Amino acid sequence: MAKDKGKDEDRADPARISKQAARQAANRAEREARRQLRQAERAAKRGKTAAKAKPEAKPEAKPKAAPSAPVQAVPFNILLVGQDIRLGMEAALFAASLRRNAPGWHGRLIVAEPSPEGAWAGARTRIPAPIRLALLGFGAEILPFAARHFGASYPFGNKIEALSGLPPGEPFIFFDSDTLVTGPLDRLPFDFSRPSASMRRTATWPEPPLYGPGYGAIWKSLYDRFGLDYESSLDTSQPDEHWERYLYFNAGWFFGADPQEFGRRFLDWALAIRDDPGEALASQKLDVLLDQVALPLVIHALGGGRPGPGLAGLDGDVTCHYRDLPLLYARESDLAVETAETVLRDPRLAPLAEAWAPARQIVLEGIGRDRIRPMFDRRLPLNEGRTRQILKKAGLWLR
């Protein structure tokens, strides 16, 4: 996902990503992958031979044990946004971690790539060739799309416009590109008929002015505007005018049954709010969080709501939205850090990690482990803004 302008303007050293170096890196990675594949095939053959040589054990007269976890019941597609170097590399990390930690997942991994036209005219949007090869090697499909409404003026809008490229009627999950798969994603009990999204959020919107309107009036104005039932969206276990009472998500992941219907509502309502906020939203900022303002309305309209406890692994031990590599080391779990380090040292990604300065410095050269991680006590809640300030002051905000 084009999460902010910093992502899209981020550039690696052009000298390190020259065509010649990239071609050599891709060739080395391909040769190493073939060598490992041959080794795995030989090991599998040896294992089969050894198994045949063993005498067969007499089966025990007891009932067959039930499987330890359910298999994927409904195939679903995964959508990411890949753009230029940074988002392209993040998408490659996602793809590598998906194949490593959710080998039973069946579906299409679609990386939406904005074309340098329309709302992205004149911008660098293409994923560099070596990163494209890596994505294809992990089974991803790269799907170009033209952004007509947001683009460079609102990079977060990529996730909204990219939905139009997904096949209609097929369940989907969108993930921000700066996400790692750390567990069996395919075994989560998704109910695609009831859309939902990430609850890893804070009170970022709205910001009620001193003399009103308050949280309730602002949100109700949006539900009324689009003909939605406001009362049924409320979490009545929370007090009136407390931000968690109102349906609000982080747009780092969301899912639904039909990307075409979901995408149409998302686009139409986001544009309507942007172009005519209305009196209740007159003092509200929409230049960063427009997607998160429209998203709860779309999910509620399609019969969804807050995710249940069965999906706690998202933003838990199954996926991790780390946002930036410095933040990964500052605040995320040991499992997430180990996953990033493992996939970045994969022969298919290691040459690209060397060329991508944040990965080279933070992961491969050990700055993340040696300097960033010891600075923070992860047993305590970490405020993201304050964490960024600490990292910047220490000269460790490497992006």
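The values are calculated or read from the model by the stated rules, or taken from the named source; none is laboratory data. Treat the numbers as computed from the prediction; the structure is a model and nothing was measured. Neighbour counts run over all protein chains shown; Cβ positions are idealised from the backbone, glycine included. Calculation scope for accessible area: heavy atoms of the full protein, side chains included, ligands and nucleic acids excluded. Shrake-Rupley method; radii C 1.70, N 1.55, O 1.52, S 1.80 Å.
Structure above, values below:
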read-out	value
Among 100-108, 84-92, the order from most to least packed when residues are scored by Cβ within 10 Å on average	84-92, 100-108
Gain in span if fully extended, Arg345 to Val288, counting 0.36 nm per residue against the direct Cα distance	17.1 nm
Gain in span if fully extended, Asp235 to Arg371, counting 0.36 nm per residue against the direct Cα distance	44.8 nm
Fraction of accessible area attributable to carbon and sulfur, region 342-392 (%, probe 1.4 Å)	47 percent
Peptides 296-303, 172-179 ordered by average Cβ neighbours within 10 Å, highest first	172-179, 296-303
Residue-level accessible surface for Thr339, protein heavy atoms, 1.4 Å, Å²	10 Å²
Probe 1.4 Å, all protein chains present, accessible-area order of Leu380, Leu335, largest first	Leu380, Leu335
Whole-Å distance, taken between Cα centres, linking region 304-329 and region 182-223	14 Å
Solvent exposure of region 269-399 as accessible area per residue, Å², 1.4 Å probe	43 Å²
Cα centroid of region 361-390 to Cα centroid of region 132-168, whole Å	30 Å
Carbon/sulfur fraction of accessible area - region 121-165, other protein chains in place, 1.4 Å, %	58 percent
Order by protection proxy (mean Cβ within 10 Å, highest first), peptides 126-137, 203-214	126-137, 203-214
Solvent-accessible area of Glu338 with every protein chain in place, 1.4 Å probe, in Å² to the nearest 10	90 Å²
Protein accessible area in region 243-338, 1.4 Å probe - carbon and sulfur %	48 percent
Sites Glu354 and Arg379, calculated FRET efficiency, Cβ-Cβ separation with R0 35 Å, nearest 0.05	0.55
Solvent-accessible heavy-atom area per residue, rounded to whole Å², over region 61-219 at 1.4 Å	40 Å²
Whole-angstrom Cα spans of region 309-368 along principal axes, big to small	40, 23, 16
Amide N proximity, region 281-318 versus Tyr211 label position 7 Å along Cα-to-Cβ, cut-off under 18 Å	281-284
